[in-house]
Amino acid sequence: VGARKITGAIFRDVNANGRRDDDEPALRGQRVYLDADDDGRLDAGEFETRTDDSGAYAIVVIDAGFYVIRQA
């Protein structure tokens, strides 16, 4: 078992269809965090990162399992 990377992207879903269409812009600088206790809040000690210019983020986790990723 090694480190794993959770990746994704944040974008403005203009037509609210739940998927990214070619004309929908990336949202850069958005705070994304691993909600370790699943309480819906960013708590001290929970890993956080920001999206890059393309709206992408990556979070490295050590243990396999179920993780809740949220946008703050």
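Checking each residue in region 61-71 for being hydrophobic (A, V, I, L, M, F, W, C) and surrounded by 12 or more Cβ atoms within 10 Å (Cβ to Cβ) picks out VAL61, VAL68, ILE69.
The residues on offer are ARG31, ARG12, ARG20, ARG41, and the sole one that is touching a residue at least 40 places away in the same chain (Cβ under 8 Å), surrounded by 10 or more Cβ atoms within 10 Å (Cβ to Cβ) and within 16 Å of the chain's Cα centre (by Cα) is ARG31. For region 35-44, the condition of being within 22 Å of VAL60 (Cα to Cα) and part of a strand (DSSP E or B) holds for none of the residues. If the condition is being closer than 20 Å to GLY65 by Cβ and out of contact with any strand residue (DSSP E or B) (no Cβ under 8 Å at 6 or more places or on another chain), then region 7-53 contributes ALA36, ASP37, ASP38, ASP39, ASP43, GLY45. Among the residues making up region 44-56, those that are open to solvent by 40 Å² or more (accessible area, probe 1.4 Å) and either within 12 Å of GLY8 (Cα to Cα) or in contact (Cβ under 8 Å) with a residue 24 or more places away in the chain (or both) are GLU48, ARG50, ASP52, ASP53, SER54.
The values are calculated or read from the model by the stated rules, or taken from the named source; none is laboratory data. What you see is a predicted model; the values in this text were computed from it and never measured. Backbone-built Cβ (ideal geometry, glycine too); neighbour counts: all protein chains shown. Areas reflect the complete protein model, heavy atoms only, side chains present, ligands, DNA and RNA absent. Shrake-Rupley method; radii C 1.70, N 1.55, O 1.52, S 1.80 Å.
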